[in-house]
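First the structure, in the form of structure tokens, and then the observations on it.
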Amino acid sequence: MRQIEQLAHGYFRGPESFRQELRRGHLTLLLQQMAAVPADPDGCSEFERILVGDLELIQKHAQRVVGKSQDRRLQSRAFFVQCHLLTGGLLSRAKGFLQILKQLHDRSRKA
């Protein structure tokens, strides 16, 4: 039962690559990878824990933005002015951000 809970948690809170592996039926591989993650948060330095927290926030907020961005209640001129400025700033940094994120993902894959 615990393994099912772990897989469900990984499916709903983990990356797309986790969901793809689960759909392919690679349960043993996923469970082995999850078992290799230290349960004790003290296995990470303070700096590492802060970065993990930042990554969790980015993931959470990215999902919220995707979910809310198509809502028909987004109508006011004030919203669109602010939205345009903020999305422009984000888009100007997106390429570099994604490049760094991919590098970090590749580095962490080796663990």
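Look at (1) over 16 Å from residue 101 (Cβ atoms); (2) polar (S, T, N, Q); (3) part of a helix (DSSP H, G or I) and you find that residue 17 fails only one, number (1). Scanning the stretch 33-62 for residues being at pLDDT 80 or above and either hydrophobic (A, V, I, L, M, F, W, C) or part of a helix (DSSP H, G or I) (or both) gives a total of 18. Only one entry in 105, 84 is surrounded by 10 or more Cβ atoms within 10 Å (Cβ to Cβ) and under 20 Å from residue 10 (Cα atoms), namely 105.
Only one entry of 74, 90, 98 meets the criterion of being more than 23 Å from residue 7 (Cα to Cα) and in a loop (DSSP other than H, G, I, E, B), and that entry is 74. Taking first residues from the stretch 1-27 that are under 22 Å from residue 62 (Cα atoms) and partners that are surrounded by 13 or more Cβ atoms within 10 Å (Cβ to Cβ) and among the small types (Gly, Ala, Ser), the Cβ contacts under 7 Å between residues at least 6 apart in sequence or on separate chains come to 18/10.
The values are calculated or read from the model by the stated rules, or taken from the named source; none is laboratory data. From a predicted model like this one, the values you see are computed outputs, not experimental measurements. Cβ: placed from backbone, ideal geometry, glycine included. Neighbour counts: every protein chain shown.
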